[in-house]
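Comments concern the structure below.
The values are calculated or read from the model by the stated rules, or taken from the named source; none is laboratory data. Worth saying up front: this structure is predicted, and the values here are computed from it rather than measured. Backbone-built Cβ (ideal geometry, glycine too); neighbour counts: all protein chains shown.
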Amino acid sequence: MKGEHSITLLCELLAVSRSGYYRWCGRPVSARKRRDGDLAALIAAAYRTGRGNYGAPRIMRELREQGTPISQRRCARLMREMGLKGRKRHARKPRTTDSRHGKPIAENLLGKRPPPTGPNQIWVTDITYLRTDEGWLYVAAILDLWSRRVVGWAAAATMHACLVLAAFRDAVQRRRPPPGVVLHSDRGSQYVDDDYLKVLAAAGIERSMSRTGNCFDNASMESFWSSYKTESGLEELLPSSRRAGELATFDYIETFYNTTRRHSSLGYLSPVAFENQQPTQDIKAA
């Protein structure tokens, strides 16, 4: 406005004196304002590190870990002033699995076992799908329930048993688990396939399955899929091909989710950081 109107006119309109205005212009910036400016730059950098997914709680943890003290309230205020918001998950209706395959199902062991106290005790697995310009891409993943780390995954144009077998073999190659690991899934036909069952039996895996039509028995996988689709942007931006979708999945899981993304359930550590801070245990490098 100063370029369009005189200072005298503006002061008269705002009912302030010219001398008061110039005193205000010459007033030094307060220490708090300078600190806000420094914090705003750090918040913006942490926001980029989180790929635009982090809200104030995770940004605060990121800065504190870097040695910068900040309260969640101040972080939230500065984020509002900069127009930064964490991505929100879209509400979803529970998706049930068609279990009308007539094959024997496994008992639900998750409700009977205590929570895992270390790696390679309980794994959970599931399948989801992505729409691409080339058609559907199906993704199977296996999560270690203790650290929430994705220990194996695979993608394919179909959701046959070979997809879940590929994810399982990926997990075994990475973790070399001892016999007795519980692997929990829904009752989908892929998880009762003869070839799949033979491979699990040979590895000494104990099977566990959700109750009929109850996706909440596998809530950790449902939560992961929600984060995966929302935070990767794959829910809104369709990949141009199945290969592009697979590469985007690799990028999300291997370079962000496992190694960087902060989990509130893990004390705001990433799965890899959570595993690395624990006493030396039988955790194989991924």
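Observations
- Scanning the stretch 1-57 for residues that are of a type in the set (K, R) and at pLDDT below 75 gives K2, R18, R23, R27.
- When the stretch 53-75 is filtered for residues that are of a type outside the set (S, T, N, Q), within 18 Å of S270 (Cα to Cα) and surrounded by 13 or more Cβ atoms within 10 Å (Cβ to Cβ), the ones remaining, listed by number, are Y54, G55, A56, P57, R58, I59, M60, R61, E62, L63, R64, E65.
- Condition met for E236 (modelled with pLDDT under 95, under 22 Å from G50 (Cβ atoms) and surrounded by fewer than 18 Cβ atoms within 10 Å (Cβ to Cβ)): yes
- Matching residues in the stretch 208-221 - criterion: being at pLDDT 90 or above and closer than 16 Å to Y191 by Cβ: S208, M209, M221
- Flag if D144 is modelled with pLDDT of 85 or more and within 16 Å of the chain's Cα centre (by Cα): yes
- Hits in the stretch 214-250 (condition: closer than 13 Å to T128 by Cα, in contact with a helix residue (DSSP H, G or I) (Cβ under 9 Å, 6 or more places away or on another chain) and of a type in the set (D, E, K, R)): E222, E235
- Cβ pairs under 7 Å, 6+ apart, first in the stretch 91-114 and within 15 Å of N218 (Cβ to Cβ) and of a type in the set (D, E), second at pLDDT 90 or above and surrounded by 11 or more Cβ atoms within 10 Å (Cβ to Cβ): E107/S208
Residues checked against (1) assigned to a strand (DSSP E or B); (2) surrounded by 15 or more Cβ atoms within 10 Å (Cβ to Cβ); (3) out of contact with any helix residue (DSSP H, G or I) (no Cβ under 6 Å at 6 or more places or on another chain):
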{"site": "P116", "(1), (2), (3)": "no, yes, yes"}
{"site": "L137", "(1), (2), (3)": "yes, yes, no"}
{"site": "A140", "(1), (2), (3)": "yes, yes, no"}
{"site": "V151", "(1), (2), (3)": "yes, yes, no"}
{"site": "D170", "(1), (2), (3)": "no, yes, yes"}
{"site": "P177", "(1), (2), (3)": "no, yes, yes"}
{"site": "G180", "(1), (2), (3)": "no, no, yes"}
{"site": "A201", "(1), (2), (3)": "no, no, yes"}
{"site": "R207", "(1), (2), (3)": "yes, yes, yes"}
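- Residue within the stretch 244-251 that is aromatic (F, W, Y), over 23 Å from Y191 (Cα atoms) and modelled with pLDDT of 90 or more present: yes
- Selected residue (only one of D186, D194, D251 is closer than 21 Å to T158 by Cβ and free of Cβ contacts under 8 Å to residues at least 24 places away in the same chain): D194
- So Y257, is it crowded, with 20+ Cβ neighbours inside 10 Å, among the aromatic types (F, W, Y) and either touching a residue at least 40 places away in the same chain (Cβ under 8 Å) or more than 27 Å from R87 (Cβ to Cβ) (or both): yes
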